[in-house]
1. Just the residues that are over 13 Å from residue 267 (Cα atoms), out of contact with any Ser or Thr (no Cβ under 6 Å at 6 or more places or on another chain) and assigned to a helix (DSSP H, G or I), please, taken from region 155-170.
2. Search region 54-75 for residues being over 22 Å from residue 23 (Cβ atoms) and surrounded by fewer than 24 Cβ atoms within 10 Å (Cβ to Cβ), and hand back the single one that is nearest to the chain's Cα centre (by Cα).
3. I need every pair where a residue in region 175-190 that is under 15 Å from residue 48 (Cβ atoms) has its Cβ under 6 Å from the Cβ of a residue that is in a helix (DSSP H, G or I) and among the basic types (Lys, Arg), sequence separation at least 6 or different chains.
4. Can you tell me which condition residue 87 does not meet? The list is (1) under 21 Å from residue 241 (Cα atoms); (2) touching a residue at least 40 places away in the same chain (Cβ under 8 Å); (3) out of contact with any Lys or Arg (no Cβ under 6 Å at 6 or more places or on another chain); (4) assigned to a helix (DSSP H, G or I), and all the others hold.
5. From the list 124, 142, 131, which residue is in a strand (DSSP E or B), over 21 Å from residue 21 (Cβ atoms) and hydrophobic (A, V, I, L, M, F, W, C)?
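The values are calculated or read from the model by the stated rules, or taken from the named source; none is laboratory data. No experiment lies behind these values; they were computed from the predicted model shown. We place every Cβ from the backbone using ideal geometry, glycine too, and count neighbours over all the protein chains shown.
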Amino acid sequence: MDELPPDTDQETEIHRTISDDGTEIAGRVHGEGPPLVLVPGAMGDGEFVWDPLLPLLTDRFTCYTMNLRSRGLSGHSTDLSTDRRIQDVVAFIESIGEPAGLLGWSQGGQLVLGAAERTDSVSALVAYEPAVLEATSEEEFAHLTDAVTRLGELAAADRPVDAARSFFEWVSTEEELDEMDEAMLSAFSEGGAENVQVFLQEVEGLDEEAGTSPTEAAELTKIAAPVLLLHGDRSDPWFINGIHHVARHVTDAQVREIDGTGHMGPIHTPEAVADEVRQFFAPTPESPRS
């Protein structure tokens with residue numbers, strides 16, 4: 001794969017590389033320290049979703065807020081398969097030039113697990129409530145289908161902001177919604193609106209995908225890097241079951257629970273999430289990683 005030289009855009013450097021099918025993958029660079037690549041979830045990209053968490057990490061890490069294909073700063077592609085998006089993460093982390101950490105949230109958690117199965121450029125990774133269909137019951141899958149159907153209906157009615165918000169409300173607990181600032185929810189809904197159509201295309205393509213899932217047991221056993229799996233104590237059982245499915249099959253995995261939050265932990269309780277991330281990637285002598 002080819003690597004493009006970094007450039008600058010106003011106050012932040014942009015790191016760019018080329019995925020194996022020729023799609024440009026880009027992300028902003030923030031902070032100083034060991035490299036840490038952040039991979040967002042379904043409604044996110046590198047341009048807004050990490051805003052609450054990022055300032056808590058940039059004093060310790062050089063954070064790369066990468067954008068997957070057809071999102072944010074990255075190039076567009078008609079191939080939005082899971083396999084291609086995992087390759088985007090692999091290409092991006094390999095282009096940094098040294099082993100790097102990965103941090104993925106939700107769908108991004110699934111992708112960072114898949115990337116760690118394919119490259120030895122991952123020093124360690126954190127997945128916050130990765131999407132794990134293998135741990136989903138028929139009832140939970142039906143709820144997911146209903147949420148995606150509702151999102152599609154709102155998008156078809158030319159209401160992308162409402163569509164994004166409906167998805168955030170579906171993955172959130174009532175307590176999270178009550179406690180999160182309305183301005184923040186509105187900002188996230190407006191940012192997510194840019195990715196609604198791409199997400200719908202990704203979901204539509206799942207039925208046509210061939211090959212294996214990155215969260216199948218046999219694939220998870222390929223991960224050699226240390227893995228930290230985070231979940232909120234208020235989260236839906238689907239997310240928690242997914243965490244434990246991954247932990248059972250990854251060789252070097254540990255699980256941590258974040259108090260007082262759910263799936264939206266990285267924006268609802270960013271300080272607690274950042275504390276876990278910082279300690280895992282840069283343990284002190286008094287508190288070793290394992």
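1. 155, 156, 160, 162, 163, 166, 167, 169, 170
2. Once the filter is applied, the top-ranked residue is 54.
3. Close Cβ pairs (under 6 Å, with a partner that is in a helix (DSSP H, G or I) and among the basic types (Lys, Arg)) amount to 189/165.
4. Only one criterion in (1) under 21 Å from residue 241 (Cα atoms); (2) touching a residue at least 40 places away in the same chain (Cβ under 8 Å); (3) out of contact with any Lys or Arg (no Cβ under 6 Å at 6 or more places or on another chain); (4) assigned to a helix (DSSP H, G or I) is unmet by residue 87, namely (1).
5. None of the other options fit; the residue is 124.
Residue-by-condition table, conditions (1) at pLDDT 95 or above; (2) surrounded by fewer than 17 Cβ atoms within 10 Å (Cβ to Cβ); (3) acidic (Asp, Glu); (4) part of a loop (DSSP other than H, G, I, E, B):
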{"site": "243", "(1), (2), (3), (4)": "yes, no, no, no"}
{"site": "246", "(1), (2), (3), (4)": "yes, no, no, no"}
{"site": "267", "(1), (2), (3), (4)": "no, no, no, no"}
{"site": "271", "(1), (2), (3), (4)": "yes, yes, yes, no"}
